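K.L.:
Dropping the structure in here first, questions after.
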Amino acid sequence: MIRKLKPGDPEPLNRMLKRIKNFSTQEVDIAMELIDIAAFNPGQTDYNIFVYEYEGKIVGYHCIGKRPLTDATYDLYWIAADPEAGIKGIGTSLLEHAENFVLQNEGRWILAETSSKDSYSNTRNFYLRNNYSIVAHINDFYSLGDNLIIFGKYFSIKKQN
């Protein structure tokens, strides 16, 4: 089941994020900052967080929001699945949910940023398998040799008259 974030969700999400080897302490801190904003400021609309719950346990989540100064572009800020969940397809289900959120909000683009480090090859392949394309590549963005790769998916929206 994928549902909206609740105030009691940040701590289980924090524990889950710490189990993901690719994420540095700083990355977990940034993810938790967005989770806390969404959990404890219900009126905000910048960060929309949804959790994947299985048998009463959070096993994944995604955070999506409309990019400032755009009319229909959304950033997929975070998407993560618990490496200890032992369930296949969590990431794909979360990505489909994020895409549906964008479509329901008349979005045109969904963008996802990631690293070029070898440890992120599974992430890059995940986006490619799900019909995302590389829309930008910036060398030495995060640090020397660690490039920013932006994946995007475009949704054709029929303009209403």
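K.L.:
Looking at this structure, is Ala85 over 15 Å from the mean Cα position of the chain (by Cα) and small (Gly, Ala, Ser)?
P.N.:
yes
K.L.:
Hey, among Ile110, Ile79, Ile20, Ile58, which residue is at pLDDT 95 or above and over 19 Å from Arg129 (Cα atoms)? Even if it seems obvious, please write down each step before you answer.
P.N.:
Values: Ile110 fails: over 19 Å from Arg129 (Cα atoms); Ile79 fails: over 19 Å from Arg129 (Cα atoms); Ile20 fails: at pLDDT 95 or above.
Exactly one of Ile110, Ile79, Ile20, Ile58 is at pLDDT 95 or above and over 19 Å from Arg129 (Cα atoms), namely Ile58.
K.L.:
A further question on this structure: In segment 21-35, how many are crowded, with 16+ Cβ neighbours inside 10 Å and touching a helix residue (DSSP H, G or I) at 6+ places or on another chain (Cβ under 9 Å)?
P.N.:
The number of residues fulfilling the criteria is 5.
K.L.:
Can you name the residue in segment 33-79 that is part of a strand (DSSP E or B) and among the β-branched types (Val, Ile, Thr) and is also nearest to Lys153 (Cα to Cα) among such residues?
P.N.:
Among residues in segment 33-79 that are part of a strand (DSSP E or B) and among the β-branched types (Val, Ile, Thr), the one nearest to Lys153 (Cα to Cα) is Thr73.
K.L.:
Continuing with the same structure: Which residue, of Asn100, Asn147, is of a type outside the set (Ser, Thr, Tyr), closer than 17 Å to Cys63 by Cα and surrounded by fewer than 18 Cβ atoms within 10 Å (Cβ to Cβ)?
P.N.:
Asn100
K.L.:
Read through the list (1) modelled with pLDDT under 95; (2) closer than 20 Å to Phe23 by Cα, then give the number of the only condition that Leu95 fails.
P.N.:
Status for Leu95: all satisfied but (1).
K.L.:
Let me ask something else about it. How many of the residues making up segment 1-22 are of a type in the set (Lys, Arg) and in a helix (DSSP H, G or I)?
P.N.:
The total comes to 2.
K.L.:
Any residue in segment 1-24 that is within 14 Å of Ala38 (Cα to Cα) sitting within a Cβ distance under 9 Å of a residue that is part of a loop (DSSP other than H, G, I, E, B) and modelled with pLDDT under 95? List the pairs, counting only those 6 or more apart or interchain.
P.N.:
Matching pairs, first to second residue: Pro7/Pro42.
K.L.:
Return the residues of segment 108-161 that are of a type in the set (Gly, Ala, Ser) and in contact with a strand residue (DSSP E or B) (Cβ under 6 Å, 6 or more places away or on another chain); say none if nothing qualifies.
P.N.:
Ala112, Ser115, Ser116, Ala136, Gly152
K.L.:
Determine, yes or no, whether Tyr132 is under 18 Å from Leu76 (Cβ atoms), free of Cβ contacts under 8 Å to residues at least 24 places away in the same chain, in contact with a Lys or Arg (Cβ under 8 Å, 6 or more places away or on another chain) and among the hydroxyl-bearing types (Ser, Thr, Tyr).
P.N.:
Details: under 18 Å from Leu76 (Cβ atoms): yes; free of Cβ contacts under 8 Å to residues at least 24 places away in the same chain: yes; in contact with a Lys or Arg (Cβ under 8 Å, 6 or more places away or on another chain): yes; among the hydroxyl-bearing types (Ser, Thr, Tyr): yes.
When the stated conditions are applied, Tyr132 passes them.
The values are calculated or read from the model by the stated rules, or taken from the named source; none is laboratory data. These numbers were taken from a predicted model, which means no experiment stands behind them. All Cβ positions, glycine included, derive from the backbone under ideal geometry; neighbour counts span all protein chains shown.
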